[in-house]
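Presented below is the structure to which this report refers.
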Amino acid sequence: MKKIERAAHLIGKHRSLFQCPICKEAVTIKDTSVICTSNHQFDLAKKGYVNFFSKASPKDYDKQLFEARYQVIQSGMYDLLHQKIVNILTSGADKSTNMLDVGCGEGSHLQQIQQRSDRDLVAVGIDIAKDGILTAAKYHPDMIWAVADLAQSPFQGGKFDIILNILSPANYQEFKRLLADNGMLIKVIPRADYLKEIREQVMQQDSQHYSNTEVINNCRKQFDHIQVETIQYTWEVPSDLHTALWNMTPLTWGKKMKKSYQSITIDFDIIIAKA
Ligand SMILES: C[S@@+](CC[C@H](N)C(=O)[O-])C[C@H]1O[C@@H](n2cnc3c(N)ncnc32)[C@H](O)[C@@H]1O
Ligand SMILES: [Zn+2]
């Protein structure tokens, strides 16, 4: 089966998750398009994803960044984070679970979490960057990928058991609308020492003034139950990944690498929120 047909089949099978982002009506699959009852039509791409975003994607996150993220994530830089998220899922949600990654980039976090989990996960990733979704569909063909804006998401309310939001912008009201009863938001945000080796090279380190309190408090305003877990470790950087590591983060945009790193620091807060 061609990639576009596989994507059409997968979206068709799970069409009850979706709604038209323009008029909010139900959608079906017609040939290789998603179409709503008011005839708004969203075409699937040959590469195996659907585009719900009518404007041009922002150009800041590009193919080079997503390819670099793919290499680094697949090489294990975030394995401990993925395992921690799988453990959170195991303690929380039901066996059969719809999981949405909002701001999924090139999709490796979602793919790694799905692969590590013993759940029967239906995995859906959206990102406003077309290059991210293109890269996701290229490497992970059996998951649902869509170019979409989280402010105008193409999903019915109450359908997702898990929302992942990893190093990406949030819209808590929209997340609450999308989550099923007992659903859970897992939001990963950087702490002061995340990629500190790179930060030290590209900017004045100001970790004393770095705090996630405001982000956590904003989330608390929308969700009744909030728990925050911290994960910190260093990862040995394989020698063939130094350039990819440099290119995978917006921190280095427009800057030249002066030295490479043998190891790199991961330092995250994980917000686990329930309504
Ligand atoms: C730092 S990247 C993180 C990507 C991915 N979660 C990862 O960790 O590799 C932030 C992502 O948020 C996406 N993003 C920004 N605004 C968005 C929006 N309004 N709707 C959906 N995605 C958005 C960007 O395109 C980008 O891919
Ligand atoms: Zn419509």
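Table for the structure above
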{"read-out": "Residue match in segment 138-147 (condition: under 23 Å from V34 (Cα atoms) and among the small types (G, A, S))", "value": "yes"}
{"read-out": "Pick from segment 15-38, criterion closer than 11 Å to S153 by Cα and touching an Asp or Glu at 6+ places or on another chain (Cβ under 9 Å), ranking: farthest from ligand 1 (Cβ to nearest atom)", "value": "Q19"}
{"read-out": "Members of segment 18-33 that are polar (S, T, N, Q), without any contact (Cβ under 8 Å) to a residue 40 or more places away in the chain and either loosely packed, with under 13 Cβ neighbours inside 10 Å or within 16 Å of ligand 2 (Cβ to nearest atom) (or both)", "value": "T28, S33"}
{"read-out": "Residue, surrounded by the most Cβ atoms within 10 Å (Cβ to Cβ), within segment 255-275, restricted to residues that are at pLDDT below 95 and within 14 Å of R199 (Cα to Cα)", "value": "Y261"}
{"read-out": "Filter pass, A123 being within 16 Å of ligand 2 (Cβ to nearest atom) and either buried (at least 20 other Cβ atoms within 10 Å of the Cβ) or of a type in the set (D, E, K, R) (or both)", "value": "no"}
{"read-out": "Members of segment 137-166 found to be in contact with a strand residue (DSSP E or B) (Cβ under 8 Å, 6 or more places away or on another chain), away from ligand 2 (no atom under 16 Å from the Cβ) and farther than 20 Å from L89 by Cβ, listed by number", "value": "A137, W145, V147, L150"}
{"read-out": "Residue that is within 16 Å of ligand 2 (Cβ to nearest atom) and either of a type outside the set (V, I, T) or in contact (Cβ under 8 Å) with a residue 12 or more places away in the chain (or both), where the choices are R15, R69", "value": "R15"}
{"read-out": "Residue pairs meeting the criteria (Cβ under 8 Å; at least 6 apart or on separate chains; first under 21 Å from D149 (Cβ atoms), in segment 109-126; second assigned to a strand (DSSP E or B) and more than 16 Å from ligand 1 (Cβ to nearest atom))", "value": "V124/N98"}
{"read-out": "Residue that is surrounded by the most Cβ atoms within 10 Å (Cβ to Cβ) [pool: residues in segment 126-147 that are more than 15 Å from the chain's Cα centre (by Cα) and charged (D, E, K, R)]", "value": "K138"}
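Conditions (1) within 16 Å of ligand 2 (Cβ to nearest atom); (2) more than 16 Å from the chain's Cα centre (by Cα); (3) under 21 Å from K187 (Cβ atoms), marked per residue:
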{"site": "A8", "(1), (2), (3)": "no, yes, no"}
{"site": "I35", "(1), (2), (3)": "yes, yes, no"}
{"site": "K46", "(1), (2), (3)": "no, yes, no"}
{"site": "S54", "(1), (2), (3)": "yes, yes, no"}
{"site": "S75", "(1), (2), (3)": "no, yes, no"}
{"site": "D79", "(1), (2), (3)": "no, no, yes"}
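The values are calculated or read from the model by the stated rules, or taken from the named source; none is laboratory data. Treat the numbers as computed from the prediction; the structure is a model and nothing was measured. Positions of Cβ are backbone-derived with ideal geometry, glycine not excepted, and every protein chain shown enters the neighbour counts.
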